[in-house]
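Heads up: the structure comes next, in structure tokens.
The values are calculated or read from the model by the stated rules, or taken from the named source; none is laboratory data. Remember, it's a predicted structure, so these values are computed and weren't measured experimentally. Methodologically, a virtual Cβ is constructed for each residue, glycine included, from the backbone with ideal geometry; neighbour enumeration extends over all protein chains shown. Heavy atoms of the whole protein, side chains included, go into the accessibility calculation; ligands, DNA and RNA do not. Shrake-Rupley method; radii C 1.70, N 1.55, O 1.52, S 1.80 Å.
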Amino acid sequence: MLSLKYISENRDMVVTRLKVKNFESSELVDGIIELDIKRRKLKNILDNSQATIKKLSREIGTLFQQGKNEEAGQAKEKTTALKEEIKTLSSDLAETEGRIRELLVQLPNIPHNSVPPGKTPEDNIMVREGGAKPELNPDALPHWDLAARYDLIDFELGTKVTGAGFPVYKGKAARMQRALINFFLDQAGTAGYSEIIPPILVNEDSAFGTGQLPDKEGQMYHVTGDNLYLIPTAEVPLTNIFRNEIIPFSELPRKLTAYTPCFRREAGSYGKDVRGLNRLHQFDKVEIVEVQHPDNSYASLEAMTSYVEGLVVKLGLPYRILLLCGGDMSFASAKTYDFEVFSAAQNKWLEVSSVSNFESYQANRMMLRFRDETGNKIHTAHTLNGSALALPRIMAALLENNQSPEGIKIPPVLVPYTGFELINP
RNA sequence: GGAGAAAUGGCAGAGUGGUCGAAUGCGGCGGUCUUGAAAACCGUUGUUCCUUUGCGGGAACCGGGGGUUCGAAUCCCUCUUUCUCCGCCA
């Protein structure tokens, strides 16, 4: 969320900038500022009352010790009215703070200056593309048919065991999946990301910290018995590692990576996009997360983007990088690059990564801060994350693009991990 | 799952109703001494919020929440977590 102070001090700027996200915020922002004035007023009166009663209490204590019980009794009476007042004031204050928070979490993050305006994916700007689209035979098959032909991925079996969107990977596909995970983790390690195996169930505070709650509640699987959520991305546990932490200046940036399965209910997603591996309820992903000094976070965003680009290049996939327009960005992001790879048999671009700078939006929510160079001041850190990469669509594109009459060819960089070069009958 | 014990500052660890934001030790930072370092000695050392141009002043926080009291780290309730023992188990 945006900080209260920032909103109060930059009212017009916030409202103007949020219009890039097509978000009309003037009412919300004014409500917040009004409540904040009330909050400060209440806090001020309450502090004074508490200071008075604290002083009185000390005096009463002294009087009792001196055996002046009568005087103490008289002093006690003076506190009665004040106590009532404090009770009312603190509940008013708590209520006001609660309402401020309710409004604050409804405000999306402010987009960076370089974010183009726009409403739909059509308005995204392509910043780079690379890799050659393969020339496939006319009889080339989409990956779900290839999966059936080579007995690689069994969607029906997953439906039997769990339900739609939970595929079963078999044989060489399972091996290839594992190869991709290991390849991605090794690459990330080389690039300076520390490998983590985080919990894949998180509590409410964590889900709130990265912004999944309260807004995207229906998108996560909720284990109601223990009030835990299955992670929709490793971003959640990885970033929350730093929740309520003050990071020493010398330890910035912190760079983490993790492979986890991800779970998404995808409520409301139907139709052609869900075919095969295109959209699943459970999928594997390697994620990279970075906590960075505000001065360097945009350099990190570019570095992360280049890193992800290196991965798709190594895999030999045709790709393009999109700078998302205001309307297509996520609620919490200040700037996002999406990666799409071309899946030739479907003749379709598939999103395989999303790299974002959240600036202080998540950090404010989770009180993630750092100590500055002098060691005296504490500031909110910036957080970033990116997929590196989401596996199913990579798998889909690799299967489709690399099919040939002899079988499906494994990209050379993966062969050391798979132990085979070809998937054939 | 059952029984018991505990949760205090970066860490260790005092404090069981009255100037306690909290002794002491370690660690950290600054200094004296030293050619330099160590040792020794001296000083300093949390976070959030309100207020002030600034100096400063004030409030809250001793696992979370609630309560008793003029006053709570200290008493009560509740939740969470950790440890010990038992049971079960990858």
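Here segment A:108-122 is the region considered, the condition is being assigned to a loop (DSSP other than H, G, I, E, B) and open to solvent by 100 Å² or more (accessible area, probe 1.4 Å), and the residue that is nearest to A:GLU27 (Cα to Cα) is A:LYS119.
Taking segment A:297-344, which residues are of a type outside the set (Ser, Thr, Tyr), in a loop (DSSP other than H, G, I, E, B) and farther than 23 Å from A:ILE181 by Cβ?
First, pick out the residues of segment A:297-344 that are of a type outside the set (Ser, Thr, Tyr): A:299, A:301-304, A:308-318, A:320-329, A:331-332, A:334-335, A:338-342, A:344.
Next cut, in a loop (DSSP other than H, G, I, E, B) only: A:315-318, A:324-325, A:329, A:331-332, A:334, A:344.
Once the filter is applied, which keeps residues that are of a type outside the set (Ser, Thr, Tyr), in a loop (DSSP other than H, G, I, E, B) and farther than 23 Å from A:ILE181 by Cβ, segment A:297-344 yields A:LEU324, A:CYS325, A:MET329, A:PHE331, A:ALA332, A:ALA334, A:ALA344.
Just wondering, is there one or more residues in segment A:85-103 that are away from RNA strand B (no atom under 12 Å from the Cβ), open to solvent by less than 30 Å² (accessible area, probe 1.4 Å) and not basic (Lys, Arg)? No, segment A:85-103 contains no residue that is away from RNA strand B (no atom under 12 Å from the Cβ), open to solvent by less than 30 Å² (accessible area, probe 1.4 Å) and not basic (Lys, Arg).
Looking only at residues in segment A:373-411 that are charged (D, E, K, R) and more than 25 Å from the chain's Cα centre (by Cα), the one that is farthest from A:GLU359 (Cα to Cα) is A:GLU406. Consider segment A:292-332 and keep the residues that are open to solvent by less than 30 Å² (accessible area, probe 1.4 Å) and of a type in the set (S, T, N, Q). The one that is nearest to A:VAL355 (Cα to Cα) is A:THR305. Taken together, A:ASN376, A:ASN364, A:ASN347 contain a single residue that is out of contact with any Ser or Thr (no Cβ under 9 Å at 6 or more places or on another chain), over 18 Å from A:ALA234 (Cα atoms), assigned by TED's automatic domain parsing to the domain that holds A:PRO248 and within 16 Å of RNA strand B (Cβ to nearest atom), which is A:ASN376. Considering segment A:45-68 alone, what residues qualify as being open to solvent by 90 Å² or more (accessible area, probe 1.4 Å) and polar (S, T, N, Q)? A:ASN48, A:GLN65, A:GLN66 - these are the residues of segment A:45-68 that are open to solvent by 90 Å² or more (accessible area, probe 1.4 Å) and polar (S, T, N, Q). Inspection of segment A:246-260 finds a residue satisfying the criterion of being open to solvent by less than 30 Å² (accessible area, probe 1.4 Å), small (Gly, Ala, Ser) and either within 16 Å of RNA strand B (Cβ to nearest atom) or at negative phi (or both).
Summed over segment A:69-84, the residues that are exposed (fewer than 10 other Cβ atoms within 10 Å of the Cβ) and of a type in the set (Asp, Glu) give a count of 2.
A residue that is within 8 Å of RNA strand B (Cβ to nearest atom), in a helix (DSSP H, G or I) and closer than 18 Å to A:GLU359 by Cα occurs nowhere in segment A:40-47.
Please determine whether any residue of segment A:13-36 is part of a helix (DSSP H, G or I), near RNA strand B (Cβ under 8 Å from one of its atoms), buried (at least 17 other Cβ atoms within 10 Å of the Cβ) and under 44 Å from the mean Cα position of the chain (by Cα). Checked segment A:13-36: at least one residue is part of a helix (DSSP H, G or I), near RNA strand B (Cβ under 8 Å from one of its atoms), buried (at least 17 other Cβ atoms within 10 Å of the Cβ) and under 44 Å from the mean Cα position of the chain (by Cα).
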